[in-house]
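Below is one structure, written out as structure tokens; the observations come after it.
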Amino acid sequence: MRRKIIAGNWKMNGDQAFAREFTSEFREAISGFSDGIELILAPPSVYLDRVAQNLEGTPVALAAQNVSEYESGAYTGEVSARMLKDLAVTYCLVGHSERRALYGDTKETVVSKIGRLCEQGIQPILCVGETLEQRSAGQAEQVVAEQLTSVLDSFNDSDLAGLVVAYEPVWAIGTGKTATPEIAQDMHAFVRQVLAEKSQELSRRCPVLYGGSVNAGNAKALFGQNDVDGGLVGGASLKVNEFNNICMSMG
């Protein structure tokens, strides 16, 4: 049975006071959540340790937003997978569209980063998705398949045991536009098909999350689709009540 996951990506937002207040309120909010739903928070790297301390004793897992493709060395400003492991990080986003578009993360870079995470036992959340131009040109499935297969062809089933895929249509990230539940389901089913071409077992166990302007108003309809196993939530994860309501939509 596939895991149900809600992950909150704070991106480059917040400060120590925000992290303290959010986690304090969230600790209370999650007390009534179903044990069958896995909750993840991805704060900026400088607050990973603070958030971990504040959520100690809760079932909330910690995720990093990025990782270096290198093991260690003279890479000023980078954070290695080993460092993330030292901070009890369980998950790490890889291939987010903002990393691909703004920082030049290529398919090769994504593969290297996932390799480093696998070495440390950190589960990658692989982000895939097409731009509006690519969708309009009928290339959405081709783009997503290429982003997926570049990773699937580089690792064996054992390496990918903890893989999570997040489908995030680039045209819906931070725009207020959301893929309809039907569009999300169609692409999630396609993602599962691509996973099955690698391994039927991988396809059965790999959670596929939806991301792209998820909010409390659309979460229930999105999460009600057969192949949508949860969400990667951006801006709405910065508001405790909103994020709590999204999490409750998985109930």
**Request:** Being farther than 19 Å from ASN215 by Cα and either buried (at least 18 other Cβ atoms within 10 Å of the Cβ) or of a type outside the set (Gly, Ala, Ser) (or both) is the filter here, so list the residues in segment 24-44 that pass it.
**Result:** ARG27, GLU28, ASP35, PRO44
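State which residue is farthest from ALA236 (Cα to Cα) when the search covers only segment 12-23 and only residues that are of a type outside the set (Phe, Trp, Tyr) and surrounded by 13 or more Cβ atoms within 10 Å (Cβ to Cβ). Explain how you work it out, then say what you get.
Here is the first cut: in segment 12-23, the residues of a type outside the set (Phe, Trp, Tyr) are 12-17, 19-21, 23.
In the following step, the residues that additionally are surrounded by 13 or more Cβ atoms within 10 Å (Cβ to Cβ) were identified as 13-14, 19-21, 23.
On the way: ASN13: 12, GLY14: 13, ALA19: 15, ARG20: 17, GLU21: 16, THR23: 15 Å.
The residue in question is ARG20.
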**Message:** Taking the condition of being part of a loop (DSSP other than H, G, I, E, B) and without any contact (Cβ under 8 Å) to a residue 40 or more places away in the chain, how many residues in segment 226-251 meet it?
**Reply:** 2
**Request:** Kindly indicate whether ILE125 is of a type in the set (A, V, I, L, M, F, W, C), within 25 Å of ILE246 (Cα to Cα) and out of contact with any Gly (no Cβ under 7 Å at 6 or more places or on another chain).
**Result:** yes
**Request:** Mind listing whichever residues of segment 193-222 are more than 21 Å from CYS92 (Cβ to Cβ), touching a residue at least 40 places away in the same chain (Cβ under 8 Å) and hydrophobic (A, V, I, L, M, F, W, C)?
**Result:** VAL194, ALA221, LEU222
**Message:** Can you find, within segment 120-164, the residue that is surrounded by the fewest Cβ atoms within 10 Å (Cβ to Cβ) among those that are modelled with pLDDT of 95 or more and among the β-branched types (Val, Ile, Thr)?
**Reply:** THR149
**Asked** If you go through segment 30-83, how many residues are farther than 19 Å from GLY234 by Cβ, touching a residue at least 40 places away in the same chain (Cβ under 8 Å) and assigned to a helix (DSSP H, G or I)?
**Response** 2
**Request:** Go through (1) under 24 Å from ARG20 (Cα atoms); (2) buried (at least 20 other Cβ atoms within 10 Å of the Cβ) one by one and return the number of the condition VAL228 breaks.
**Result:** (1)
**Positions within segment 128-160 being closer than 23 Å to PHE223 by Cα and part of a loop (DSSP other than H, G, I, E, B), in sequence order** = GLY129, GLU130, THR131
**Request:** May I ask you to list the residues in segment 212-225 that are at pLDDT 95 or above and crowded, with 22+ Cβ neighbours inside 10 Å?
**Result:** ALA219, LEU222, PHE223
**Prompt:** Is it true that some residue in segment 107-116 is in a loop (DSSP other than H, G, I, E, B) and surrounded by 18 or more Cβ atoms within 10 Å (Cβ to Cβ)?
**Reply:** no
**Prompt:** Residue check: is ARG82 on the phi < 0 side of the Ramachandran plot, basic (Lys, Arg) and at pLDDT 95 or above?
**Reply:** yes
**Prompt:** Being crowded, with 17+ Cβ neighbours inside 10 Å, closer than 25 Å to GLY8 by Cβ, among the charged types (D, E, K, R) and touching an Asp or Glu at 6+ places or on another chain (Cβ under 7 Å), is that true of even one residue in segment 165-183?
**Reply:** no
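The values are calculated or read from the model by the stated rules, or taken from the named source; none is laboratory data. Quantities reported herein were computed from a predicted structural model and do not represent experimental measurements. Virtual Cβ from ideal backbone geometry, glycine too; neighbours counted across all protein chains shown.
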